[in-house]
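Shown next, in structure tokens, is the structure this report addresses.
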Amino acid sequence: CALGVTRFLEKKGLKSVNVNFVSGEVAFEEVNPVNIHEVIQGINNLGYKVIENQEHGETSIKSSFFSTIEFKFLISLICTIPLMAHMVINWPILHNPTFQLLICIPVFLIGLFHFGKSAVSSLKTGVPNMDVLITIGSVSAFAYSISGMIMYGGSSEVHNYLFFETTATIITLVLLGNIIEKRSVKKTTSALKELSAMQPSSASKITIGKNLIENITIVNIDEIKKGDLILINSGGQIPVDGKIYWGSATVNESALTGESIPLEKTNGETVLAGSVIVSGSIKITTEKTAQQTVLSNIIRLVKDAQQSKPKIQKLGDKVSSWFVPAVIIISILTFIFSYFVFSISGAASLMRSVAVLVISCPCAMGLATPTAVAVGLGKAAKKGILIKGGSTLEQFENISTVVFDKTGTLTTGNFKISKIINYDVAESEIVKLIYSIEQHSSHPIAVSLVKELSKFTHEWVSFTSVTEEKGLGMRAEDNDGNLYLLGSFQTHKNITTDNTHSIYLSKNNQLIGAIDLKDEIRPGAREIIKLLKKDEIFPVILSGDNQFRCQEIGDELGIKEIYSSKLPHEKTEIIRELKKRGNLLMVGDGINDAPSLVTADIGLSFGEATQIAVNSAQVILINNNDLTSIMSAIRIGKMTMQTIRQNLFWAFFYNIVAVPIAAIGLLSPMVAALSMAFSDVVVIGNSIRLKFRN
């Protein structure tokens, strides 16, 4: 089905087409001007229904129960039971050929319109689907029965040619299989639905009336704008991201960050949409709309990730594309050999041929990968791990090295000043200059420095320009034309040989000051290093910081391989060398980490990291305080790939075994139809099992 829609859209001139039948969505790039309504009509003509977006003023296509697959199955079942009953109950009416024809016709017509339309459409796209096999099988049995009635209608011989029950049973059981498949596939995306359900549909908006009296109005969440005032009471869900300006509360953010312990939030602190107020009451100023929240971005990222196919899925797609034509050829050969070579009766030969058509199940191959990917991505999202693509899951399997940036990654990025060094300049002047320059940077060191230095001064130095260069530090120019450089030893080694300090400050290429910093180890850092070593994954430190600081952290955490004082381009070269050992995961959070994150097989960053780092990474940890989530991400990736391989094995194994059994006449078409439905359920069930694995 997905391949058929993809082929149709590509013929329309659309690029990067990706059909995700798990979520029921299609994404594409519109390169040439294309009439979207024509595309929608074309997809509808293929036998599917496009649900148009009401937000953009278009109509949503809704179907009644009478057009649902459940209703079709109900009618088919009611008609099929009497046809099956004639094999065990000796009532004359049940054995009457005309009666059998009349109650078979409704089922046959349902099958013809339900499967036949899709079958014809798939043939037009050049990618025949499973419905082609079902249609040929049911039409063959029905046509054979009609022929028998015409030729032997007046004699008892006619009963040797009646297979109306086969026609009806094939259609009924395949409809049942489709219902089970539809409901099972929904379960694979339940994590995404649970995330979506976390966002409330309404909020209590505060408006200030006369005499500064607050009025509370219940509004739709889509009406909330940035800067609105919202009230959330105990037990309520936070509707959008915002900052508390009144009150305090205990907030449960576990669904977003994976952090199970509720947090105490008070005036000035940020709260996230989807979080639950365990106790307390707060008023917030909204900072984002409903479409811009962290929760919305999580949902969007997980959906986008499902569009990215692992390489292993291409195997299933490739097999599915030629599988149906191959089965039709095998079915024809089965009839020819049975009837002409082995002299088996025409009725028995036909039933073998039909059984081959019905037992074959490329659906299971098509479901093997996307269902597992959907469950894996959803499982990760619920643990606060955002994985940007199904292909990223595949990369986790052979991770042999994890490279950590130091500052803001293995450490919190919160620094304490242990010493301020000044050369021929007053210490207060050094403090004031560094405080003023670092105000212009979002790097974790800069943020911590500003916080620490604010204890000593709030005076500003006016600069005409301040720029930040990746891996080099900050450059500033004052009103008198003096040039200042603030950075590591690497940027000052041409004017000093003392590499024992954390940060150096020079004026007009003359060293005037330095600062010694002490940073704190990030929670979970020790645990993640132990877990990686236990799984024989090598931890590495790759940092722009000096050797002394990096070695200090490495010794404390037990990391032996350390690369220090490296610029962004040098980091990238080291990443390329380390990748020769096997798949490599890079963990970083700063602007200077962006090239390395892109170069690594998998780049991992934190939700609080710089936007450039977040955009460069394939994996985002929402819970910034739990580095052990890295191990969870690796294990989920490995378990997902293991599940995909199991699914593909059972899908291939089923067909390799089932088709020959049907061809030699050991399976009736009815048993074949039931087996076909069962193979889909096995694959989907195995994918759902991934949810509960640890």
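The values are calculated or read from the model by the stated rules, or taken from the named source; none is laboratory data. Bear in mind the structure is a predicted one, so any value in this text is a computation, not a measurement. Glycine gets a Cβ as well: all are built from the backbone with ideal geometry, and neighbour counts include every protein chain shown. With ligands, DNA and RNA removed, areas are computed over all heavy atoms of the protein, side chains included. Shrake-Rupley method; radii C 1.70, N 1.55, O 1.52, S 1.80 Å.
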Residue in region 243-272 that is modelled with the highest pLDDT, counting only those that are loosely packed, with under 15 Cβ neighbours inside 10 Å and among the small types (Gly, Ala, Ser): Gly268
Residue that is nearest to Asp498 (Cα to Cα), among those in region 547-577 that are surrounded by fewer than 22 Cβ atoms within 10 Å (Cβ to Cβ) and within 28 Å of the chain's Cα centre (by Cα): Thr572
Failed condition for Lys530, given (1) under 15 Å from Asn422 (Cα atoms); (2) modelled with pLDDT of 90 or more: (1)
Pair list, Cβ < 7 Å and 6+ apart or interchain, from region 204-227 residues that are farther than 21 Å from Gln292 by Cα to residues that are of a type in the set (Asp, Glu) and open to solvent by less than 90 Å² (accessible area, probe 1.4 Å): Ile208/Glu214
Identity of the residue in region 25-47, assigned to a loop (DSSP other than H, G, I, E, B) and in contact (Cβ under 8 Å) with a residue 24 or more places away in the chain, that ends up most open to solvent (accessible area, probe 1.4 Å): Gly47
Test result for Val447, β-branched (Val, Ile, Thr) and open to solvent by less than 50 Å² (accessible area, probe 1.4 Å): no
All positions within region 76-94 that are surrounded by 15 or more Cβ atoms within 10 Å (Cβ to Cβ) and within 21 Å of Ile146 (Cβ to Cβ): Ser76, Cys79, Thr80, Pro82, Leu83, Met84, His86, Leu94
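Among helices (runs of 4 or more DSSP H) lying entirely in region 335-400, which contain 1 or more residues that are open to solvent by 20 Å² or more (accessible area, probe 1.4 Å) and of a type in the set (S, T, N, Q)?
Details: elements: 346-359, 362-382, 390-395.
In region 335-400, the matching helices (runs of 4 or more DSSP H) lie at 390-395.
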Pairs, first within 15 Å of Pro539 (Cα to Cα) in region 401-413, second of a type in the set (Gly, Ala, Ser) and open to solvent by 10 Å² or more (accessible area, probe 1.4 Å), C-beta under 7 Å, six or more apart: Thr401/Gly582
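Check Ser331, Ser296, Ser275 and return the single one that is polar (S, T, N, Q), at pLDDT 85 or above, open to solvent by less than 40 Å² (accessible area, probe 1.4 Å) and within 30 Å of Ile688 (Cβ to Cβ). Give the steps one after another, and end with the answer.
Working: Ser331 fails: within 30 Å of Ile688 (Cβ to Cβ); Ser296 fails: at pLDDT 85 or above.
Among Ser331, Ser296, Ser275, only Ser275 is polar (S, T, N, Q), at pLDDT 85 or above, open to solvent by less than 40 Å² (accessible area, probe 1.4 Å) and within 30 Å of Ile688 (Cβ to Cβ).
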Which numbered condition Asn508 fails, given (1) out of contact with any Lys or Arg (no Cβ under 7 Å at 6 or more places or on another chain); (2) at negative phi: (2)
Given (1) within 33 Å of the chain's Cα centre (by Cα); (2) open to solvent by less than 10 Å² (accessible area, probe 1.4 Å), number of the condition Ala662 does not satisfy: (1)
Matching residues in region 599-638 - criterion: being more than 19 Å from the chain's Cα centre (by Cα) and at pLDDT 75 or above: Thr599, Ala600, Asp626, Leu627, Thr628
Region 401-443, residues that are open to solvent by 20 Å² or more (accessible area, probe 1.4 Å) and assigned to a helix (DSSP H, G or I): Glu427, Ser428, Glu429, Lys432
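Run down Gly116, Gly137, Gly148, Gly154 and say which single residue is out of contact with any Lys or Arg (no Cβ under 8 Å at 6 or more places or on another chain), open to solvent by less than 40 Å² (accessible area, probe 1.4 Å), over 20 Å from Val327 (Cα atoms) and not hydroxyl-bearing (Ser, Thr, Tyr). Explain how you work it out, then say what you get.
Details: Gly116 fails: over 20 Å from Val327 (Cα atoms); Gly137 fails: over 20 Å from Val327 (Cα atoms); Gly154 fails: open to solvent by less than 40 Å² (accessible area, probe 1.4 Å).
After ruling out the rest, the residue left standing is Gly148.
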